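Q: Let me begin by handing over the structure; questions about it come next.
The values are calculated or read from the model by the stated rules, or taken from the named source; none is laboratory data. Given the structure is predicted, the values throughout are model-derived calculations rather than measurements. FYI the Cβ positions are ideal-geometry reconstructions off the backbone, even for glycines, and counts take in every protein chain you see. With ligands, DNA and RNA removed, areas are computed over all heavy atoms of the protein, side chains included. Shrake-Rupley method; radii C 1.70, N 1.55, O 1.52, S 1.80 Å.
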Amino acid sequence: MRSDRLLAMLLLLQTHGRLPAPEIARRLEVSTRTVQRDVEALSSAGVPVYCERGRLGGVALLEGYRTDVTGMTDDELRALVALGTSADGGALGPALASASRKLLAALPDARRDDVDRARRRLLVEHQGWRRAPEDLPALPALDAALVADERVRLHYATGDAEVATWRTVDPYGLVSKAGTWYLVAAHRGRPKMYRVSRVRDVERTGTPARRPDDRDLAEVWGELRDRLQEPTDEVEVRLLVDPAWAPTLRRVPLAVLAGPWRQEGAAPDGRELLVAPFRSVIAARAGLLGYGEAVEVLEPAALRAEIAAAAARVVAMYAGFPSAEAPSRAGPGRAG
């Protein structure tokens, strides 16, 4: 639409002050003649824009002219303001909140009231249930290094290791996934992800980052994420479940599942026959053992043997303790 193009031209000139007409035409994907007509339209509307001839000429905006027009729709404004008022902005929270307040203050009164009202009806919280917020002392230093596009040295503890080691990396950027922050960076020419909460210290090198390729953060992150989510030892599990426990079982965390549950009938005793792919035998054992007699694994045989052996070790560990009356099998939250 022409109105969108006129606004885009105005914002370009507001940013650069002066641009050659062919450059504006290239950026807006129109002809130079169209740019000239649009300049006339802006001028007729009272915008102080004019053309200068000569080698250093071009389309110019009167110095010091500013407009409070952002070019954003109300939906876009609400999305940005909601991000700035999220419940868990973390280390970037104060900056987001400040930007949100400035954005609201820059809007015309007629739009500000509507956007602010919508903002107060929308809250974004990325933190999962029953998860403590991460301690992220290294996040500000990493963010500063990214702004400067610098190579950094990380004092990093892998997994639950107590001892951290130093490594030099070339950052692509930071990613927040479900409340957990990751640094995506190349180490020795290979892109990797580093959990920011495991970074003990950051040393900026002052030298430019030297990434192995020109891919952007989203593309590299997508590759690392997909690689991490690829099932390696996936196993399909068939089991019989007490009907009272079936709804709870279907809520087994997706971290141990490689796909959805499906029901394949019922046994003569009324138990449901469920099937689901787990990421590994170990993951299935960890996810199912706590259900006790409410779940009976039928296949694969290796998993059935694993659970039987684990159950035997638990019984042996508690042997000699006074026995107690067995709890009801009525299911979670139901009386026996």
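Q: Any residue at all in region 201-209 that is part of a loop (DSSP other than H, G, I, E, B) and under 24 Å from residue 140 (Cα atoms)?
A: yes
Q: Could you tell me which numbered condition residue 153 fails, if it satisfies all but one of (1) in a helix (DSSP H, G or I); (2) at pLDDT 90 or above?
A: Condition (1) is where residue 153 drops out.
Q: I would also like to ask the following. List the residue pairs whose Cβ atoms are under 8 Å apart, where the first residue sits in region 23-34 and is over 16 Å from residue 60 (Cβ atoms) and assigned to a loop (DSSP other than H, G, I, E, B), the second is open to solvent by 50 Å² or more (accessible area, probe 1.4 Å) and not small (Gly, Ala, Ser), and the two are 6 or more positions apart or on different chains.
A: Every condition considered, the pairs that remain are 30/5.
Q: Inside region 302-315, can you point out the residues that are open to solvent by less than 70 Å² (accessible area, probe 1.4 Å) and either of a type in the set (A, V, I, L, M) or modelled with pLDDT of 90 or more (or both)?
A: The answer is 302, 303, 305, 307, 308, 309, 310, 311, 312, 314.
Q: Here is a further query. Which numbered condition trips up residue 298, out of (1) modelled with pLDDT under 90; (2) surrounded by fewer than 16 Cβ atoms within 10 Å (Cβ to Cβ)?
A: Single failed check for residue 298: (1).
Q: Provide a single number: the residues in region 276-292 that are surrounded by fewer than 16 Cβ atoms within 10 Å (Cβ to Cβ) and closer than 19 Å to residue 263 by Cα.
A: Counting residues in region 276-292 that are surrounded by fewer than 16 Cβ atoms within 10 Å (Cβ to Cβ) and closer than 19 Å to residue 263 by Cα gives 0.
Q: Separate question: Among (1) at pLDDT below 70; (2) touching an Asp or Glu at 6+ places or on another chain (Cβ under 9 Å); (3) buried (at least 16 other Cβ atoms within 10 Å of the Cβ), where does residue 106 come up short?
A: Here residue 106 meets the rest and fails (3).
Q: Can you spot a residue in region 62-76 that is among the aliphatic types (A, V, I, L, M), surrounded by fewer than 13 Cβ atoms within 10 Å (Cβ to Cβ) and at pLDDT below 85?
A: Scanning region 62-76, I find at least one residue that is among the aliphatic types (A, V, I, L, M), surrounded by fewer than 13 Cβ atoms within 10 Å (Cβ to Cβ) and at pLDDT below 85, so the answer is yes.
Q: Out of the residues in region 157-185 that are among the aromatic types (Phe, Trp, Tyr) and surrounded by 15 or more Cβ atoms within 10 Å (Cβ to Cβ), state the one that is nearest to residue 136 (Cα to Cα).
A: Ranking the candidates gives 181 first.
Q: Would you confirm whether or not region 186-199 contains a residue that is out of contact with any Cys (no Cβ under 6 Å at 6 or more places or on another chain), aliphatic (A, V, I, L, M) and open to solvent by 40 Å² or more (accessible area, probe 1.4 Å)?
A: Yes, region 186-199 contains a residue that is out of contact with any Cys (no Cβ under 6 Å at 6 or more places or on another chain), aliphatic (A, V, I, L, M) and open to solvent by 40 Å² or more (accessible area, probe 1.4 Å).
Q: What about residue 142, is it of a type in the set (A, V, I, L, M, F, W, C) and part of a loop (DSSP other than H, G, I, E, B)?
A: no
Q: Cβ-Cβ distance below 9 Å, separation of 6 or more or different chains: which pairs start in region 184-198 with a residue that is on the phi > 0 side of the Ramachandran plot and end on one that is of a type outside the set (Val, Ile, Thr) and open to solvent by less than 30 Å² (accessible area, probe 1.4 Å)?
A: That search, which allows pairs on different chains as well, returns 189/170.
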